[in-house]
Amino acid sequence: MRLSPLNIVLACILVWAISEMGQDGEALFSWGWLMLLVFVLIVVDIVSRLWARDTQRLWWMQIAFILITGVCSILIKLI
């Protein structure tokens, strides 16, 4: 399996969620939303791998997806 930006993001999210398990206070995500996020990232990764065979195009598409998702998340949080 080739390394892609979505694999890196997924690994970071899972490490962050596991490190938050022992912390007191309210979690940022519930487990249901976290599992939904993991599922969406895996599906988008698989679909983008099938659609873009070229590694460079795959990286650009996935980086664009991560940036758009991040900006939309911030805008939703602000509203």
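The values are calculated or read from the model by the stated rules, or taken from the named source; none is laboratory data. Being a predicted model, the structure only gives us computed values, none of them experimental. So basically every Cβ, Gly included, is an ideal-geometry build from the backbone, and we count neighbours across all protein chains shown. For accessibility, only protein heavy atoms count, side chains too; no ligands or nucleic acids. Shrake-Rupley method; radii C 1.70, N 1.55, O 1.52, S 1.80 Å.
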Treat each spin label as a single point 7 Å out from the Cα along the C-beta direction, and report the Ala11 to Ala64 distance in nm.
2.5
Along the Cα-to-Cβ line of Trp33, 7 Å from the Cα, sits a label point; which residues in the stretch 1-15 have backbone N less than 20 Å from it?
9-15
Accessible surface of the chain, 1.4 Å probe, proportion on carbon and sulfur as whole %
75
If you average the sequence gap of Cα pairs under 8 Å that are 6 or more apart and divide by the length of the chain, what percent do you get for the contact order?
46
